[in-house]
1. Which of rounded, prolate, oblate describes the stretch 161-228, given a ≥ b ≥ c as roots of the alpha-carbon gyration tensor eigenvalues and a/c under 1.5 marking rounded, otherwise prolate only if a/b is larger than b/c?
2. Ordered by packing density, taken as the mean number of other Cβ atoms within 10 Å over each peptide's residues, highest first, how do 131-141, 111-121, 52-62, 219-229 rank?
3. Run the numbers for K207 and H226: contour at 0.36 nm per residue of separation, minus the present Cα-Cα distance, in nm.
4. At 0.36 nm per residue, minus the direct Cα-Cα distance, what do T288 and I193 gain on full extension? Give it in nm, one decimal, please.
5. If the cut-off is 28 Å between C-alpha atoms, which lysines fall inside it for K106, apart from same-chain ones fewer than 8 positions away?
6. For the stretch 262-324, what does the alpha-carbon gyration tensor say about shape, rounded, prolate or oblate, given a ≥ b ≥ c as the root eigenvalues, a/c under 1.5 as rounded, and a/b over b/c as prolate?
7. Which length gain, in nm to one decimal place, applies between Q267 and D255 when the Cα-Cα distance is subtracted from 0.36 nm times their residue separation?
8. Let me know the shape class of the stretch 211-276, please: from the alpha-carbon gyration tensor, a ≥ b ≥ c as square roots of the eigenvalues, rounded when a/c is under 1.5, otherwise prolate if a/b is greater than b/c, or oblate.
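None of the figures in this text is laboratory data; all of them are computed from the coordinates on show. On a predicted model such as this, the values are computed, not experimentally measured, just so you know. So basically every Cβ, Gly included, is an ideal-geometry build from the backbone, and we count neighbours across all protein chains shown.
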Amino acid sequence: MQKFRDREGADGGIHGIGSLCAIAGIMVLLIAAGCLDQQSTRVTTDNGTEPLTVAVTILPQKQFVERIGGEHVRVIVLVPPGASPHTHEPTAKQLEDISRASIYIKVGSGIDFERAWMDKLEGVNPRMTIVDSSEGIGLIAGGHDHGEIAALGDSSKDPETGGGTDPHIWLSPKNARIMVENTCLGLARADPIHAGEYRSNADSYQKEIDALDTEISRDIASQQVHTFMVYHPAWSYFARDYGLVQIPIENEGKDPSPAGIEKLIRQAQEENITVIFASPESSTKSATVIAREIGGTLVLVSGLEEDYLGNLRKVAQAFTQGGQ
């Protein structure tokens, strides 16, 4: 037993040293990338012939930028497929790419990745233009509790510090329309040569978003869906737009206690819920337990797919079939 404790302590020391080395390595990379930035950053497409390098946080923004910018943009996504914007850290290659970006279009709603890394990314490339795509969007207050809606422009809800707001603004087509508008304006400022083309492309894409919004409203109304249960409470804006009630399994980023799971099982039974939703980027353990206990089904839905329009249509269909 003594030997086991000694080894455990030694392993803990090794892990601690490893963590410090990792942090030190990241700092070196940041400094190195900053030096690279000073030598090679290209802030604008001066002659309009080279693509504008645009950095974004999440995959849905990639579609936004590419549908607006077309051949005139090259997009860097900081949170890759399968990763979570709540936990992901940028890689050395991403830091190198950031050092060459002309513009960063951030979600801007208090998403964890941006809260943790935005200042450091700006430090890597001080000449990079920052665009806040959440400007003009009313944020839902309450963090993962998702309570009342914060008034538009309410400075008491600070997205840069989290401020108790739900960051998943893109999962509302109405919000996505505003994000696309802000993205278009940002691209036009960074590359005025192609501003007219950006405007035309944005208008066309916004019409597709509007059509999707109408389609989802019609489908939810026809199915008389009212409530859905999901592990990670990412769908507050979606629920608000379509008059739905989201029942989250996760509470403040933590799995529910055994008593909490029992309460959720009773609630699902009372609401006649037969489908429990979870995301592939999050744990499915608690959601699986609840689905099994109610004799229901576990369905994975993601809010982070690159095909924003196609994915939101697919998720909306899942909710209409599995909600009550």
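1. oblate
2. Going from most to least packed, we get 52-62, 131-141, 111-121, 219-229.
3. 4.1 nm
4. 29.0 nm
5. K62, K93, K120, K157, K174, K207, K254, K314
6. Oblate, because a/c is 1.5 or more while a/b does not exceed b/c.
7. Computed gain between Q267 and D255 is 2.7 nm.
8. Oblate shape, in that a/c is at least 1.5 and b/c is the bigger or equal ratio.
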